[in-house]
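Below is one structure, written out as structure tokens, with a few remarks after it.
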Amino acid sequence: MLSIQLRERSLFLAHLRKAVNWLKSIDVEPVPFGRRTSSEPFARPYQGNASVYFNDPDGNSLELMCFVEVPEELKAIEGHLSLDEWETAKRRITGQNNPKPGAAP
């Protein structure tokens, strides 16, 4: 399996969500990564990023990734969190109860 990694410095979590919606609108569906059963985007707090995987029309596996700022208290989480789980955990630590819609984390 060919894995191509493209990185965009200015890609934020809000952009990742929009990109997934756009891909779905053109019939490109996310696929599960590794042993995950969900194909939805997820965060890796221990790596400071969030990702979603999909296959291009030629069958190549592609990762769309953004970097996320991880509070010190969450850096020890080694599992994958759904984006909702990630945002909830981050709000709990940072005390942000009402994040701005579309704001970068």
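Looking only at residues in the range 64-97 that are assigned to a helix (DSSP H, G or I) and basic (Lys, Arg), which one is surrounded by the most Cβ atoms within 10 Å (Cβ to Cβ)?
Ranking the candidates gives Lys90 first.
Only one of (1) closer than 23 Å to Lys90 by Cα; (2) modelled with pLDDT under 90; (3) of a type outside the set (Asp, Glu); (4) part of a loop (DSSP other than H, G, I, E, B) fails for Arg35. Which number is that?
(1)
Among the residues of the range 19-61, how many are surrounded by fewer than 11 Cβ atoms within 10 Å (Cβ to Cβ) and at positive phi?
Going through the range 19-61 one residue at a time, the tally reaches 3.
Within the range 39-62, which residues are at pLDDT 90 or above, in contact with a Ser or Thr (Cβ under 9 Å, 6 or more places away or on another chain) and either over 16 Å from Asn21 (Cβ atoms) or in a strand (DSSP E or B) (or both)?
Passing the criteria: Phe42, Ala43, Arg44, Val52, Tyr53, Phe54.
The values are calculated or read from the model by the stated rules, or taken from the named source; none is laboratory data. Only a predicted model underlies this, so the values are computations on that prediction, with no experimental measurement involved. Glycine gets a Cβ as well: all are built from the backbone with ideal geometry, and neighbour counts include every protein chain shown.
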